[in-house]
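In what follows, a single structure is set out as C-alpha cells and then discussed.
The values are calculated or read from the model by the stated rules, or taken from the named source; none is laboratory data. Please read all numbers here as calculations on a predicted model, not as lab measurements. Cβ coordinates were reconstructed from backbone atoms using ideal geometry, including for glycine residues, and neighbour counts include every protein chain displayed. Areas reflect the complete protein model, heavy atoms only, side chains present, ligands, DNA and RNA absent. Shrake-Rupley method; radii C 1.70, N 1.55, O 1.52, S 1.80 Å.
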Amino acid sequence: MSKETLRLMLNLNPNDLDTQVALQCAPLLTGMKISNLLTVNRSRRAAVPELFRDTAVSCCILYESTEKTTFLLYIRQALDAYLARPEVKTLMERFGYRGWDLEEILSLVSIKYEEHMEDRAGFPHEIGLLLGYPAKDVMGFIENNGKDFLYMGYWKVYADLPECKRIFRAYSQARERMIHLVSRGMKIDGILRLHNLNQYKSMRI
C-alpha cells in the first residue's frame, strides 16, 4: 500500500458503513471476486441488505453474536457457476452437499458456522469454497491442518503459487482503489454502478 493510500485510509471514518463495506469487500465490489465476508456491528444488521437491494450482490447472515453480525456477500450467478466446477462440486459432495441448491447450502453452512463460533464444532471448510478459494488449496489446508503452506495471502496457498500471487496483487489493488473512491465521498451504490454490479435482483437469506 502506498503512503498516499495509507494516509487516505487513516483519515476515513471507521464507523461509516460504506467505508466498512469498501474496506472489507473491495474484491467483490470491483467484480474480481464472487464473494466476501463482511462483519459489522449488529445495529447495522438491517442496513446491509438494504445497501445491496436490487443489485447483483446477495446477502446471507452467517453468524450473529450479541455485538456483531457476519454476512456472506456474494454474486449469485458467479457463485453458482463456481460451485458447479467439477473439482469444487466433488469437494462439496465430500462435505455432504450432494445435489443441494445454493439456498440449502447456505442455510446449513450458517448453522455449522454458528456451532463453530460457539465452540460446539470444528470449522466448516466449505466456507473456503463459498469464498471462491481454489479447491486444491481448501483440500491442502485440510490435509495439512493449516500448516506447511507455500504462501499466505488472502488464503493459505498449497498449489499454483504464481497464479495465487497474481490474484492477491489484484485484490490488494482493488482495496487501494476502494480507499481512493470512498475518500472522495463515493458511496457503495456508486461503486456498484461503476463496476456494473447494480443491474440484478439480489437474494437474501
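Take LEU72 and tell me if it is open to solvent by less than 30 Å² (accessible area, probe 1.4 Å), assigned to a strand (DSSP E or B) and closer than 26 Å to ALA159 by Cα. Here the answer is yes, as LEU72 does meet what is asked.
Does any residue of the range 169-180 turn out to be open to solvent by less than 80 Å² (accessible area, probe 1.4 Å) and free of Cβ contacts under 8 Å to residues at least 60 places away in the same chain?
We begin by selecting, within the range 169-180, every residue open to solvent by less than 80 Å² (accessible area, probe 1.4 Å); these are 170-172, 174-176, 178-180.
If we keep only those that are free of Cβ contacts under 8 Å to residues at least 60 places away in the same chain too, we end up with none.
The answer is no, given that none of the residues of the range 169-180 is open to solvent by less than 80 Å² (accessible area, probe 1.4 Å) and free of Cβ contacts under 8 Å to residues at least 60 places away in the same chain.
Looking across the range 1-41, the residues that are more than 16 Å from CYS60 (Cβ to Cβ) and among the basic types (Lys, Arg) come down to LYS3, ARG7.
Scanning the range 34-69 for residues that are open to solvent by 50 Å² or more (accessible area, probe 1.4 Å), without any contact (Cβ under 8 Å) to a residue 60 or more places away in the chain and either farther than 23 Å from LEU129 by Cβ or part of a loop (DSSP other than H, G, I, E, B) (or both) gives ASN41, ARG42, SER43, ARG44, ARG45, ALA46, GLU50, THR66, GLU67, LYS68.
Matching residues to (1) at pLDDT 95 or above; (2) farther than 23 Å from PRO27 by Cα; (3) within 14 Å of the chain's Cα centre (by Cα):
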| site | (1), (2), (3) |
| --- | --- |
| LEU72 | yes, no, yes |
| GLY96 | no, yes, no |
| TYR113 | yes, no, no |
| ILE127 | yes, no, yes |
| ILE142 | yes, yes, no |
